[in-house]
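As structure tokens, the structure follows; a few thoughts come after it.
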Amino acid sequence: MTQEEKADIIKKVTILLKEIPSSMDVVKKGGNEHKRYKYLAEHMVNKAIEKDALIVSEDGNGIAILFKTSKKDENFWKNAWSELGLVFNVTGIKNAYKILKTQNYIKKQRPQEGEYLYCWFWGILKESRGPGTQVGVQMKNEFYRRAKLYNLPLYAETRMRKNAIVYQKFGFQLFNKWDHPSGDTMYFLRYIPEEKGE
């Protein structure tokens, strides 16, 4: 991947983060908000590249981060939100404490034993959304290809009801709903490859 391609992905992730309730919660409000979103996007894309977890659609307008992970990778997840750079450049100290509390509940919804795939981020730019586009289907197929390849369940969560419906249309099961402290409902979903069974 060239520096230009990486910069383009970061720019697109920055745009998408501004629409996602979870990132809107973590990014401190006020002056320089765009800079904070960009810092968060850079952090996420770098983590994804480091863990070979970045998925980009053919047209470049769909981006996902799909980690192969386990509870043993706890340090990675702890570091993901508690790194000082994020606290100073994105969340602010008050927000960081709130995030860690909600992250504890969210992490408990994922498998406590064995490996699994975790969709940390999935976004499609406006111009590639909708029934007439193939980007969502293309990306879903790549998720399922990896789930079958590794024979691992795939976990995701969202606070956007329409996204939860899309996940379910794509074959995910809704296994939990949670009254998130923000007042939203958080939907927990999973996809289990057929060979693994229910």
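Before we move on, is Asn95 closer than 23 Å to Asn46 by Cβ and open to solvent by less than 30 Å² (accessible area, probe 1.4 Å)? Taking the combined requirement at face value, the residue satisfies it. Residues in the stretch 97-114 that are closer than 17 Å to Leu189 by Cα and among the hydrophobic types (A, V, I, L, M, F, W, C): Ile106 alone. Scanning the stretch 102-116 turns up one or more residues that are in contact with a helix residue (DSSP H, G or I) (Cβ under 6 Å, 6 or more places away or on another chain) and not in a helix (DSSP H, G or I).
The set of residues in the stretch 149-185 that are loosely packed, with under 14 Cβ neighbours inside 10 Å, in contact (Cβ under 8 Å) with a residue 24 or more places away in the chain and in a helix (DSSP H, G or I) contains only Arg161.
The values are calculated or read from the model by the stated rules, or taken from the named source; none is laboratory data. If you're wondering where the values come from, they're calculated on a predicted model, not measured in any experiment. Neighbour counts are summed over all protein chains in view; Cβ atoms, including those assigned to glycine, are modelled from backbone coordinates with ideal geometry. Side chains are part of the model used for accessible areas, which takes the heavy atoms of the whole protein and leaves out ligands, DNA and RNA. Shrake-Rupley method; radii C 1.70, N 1.55, O 1.52, S 1.80 Å.
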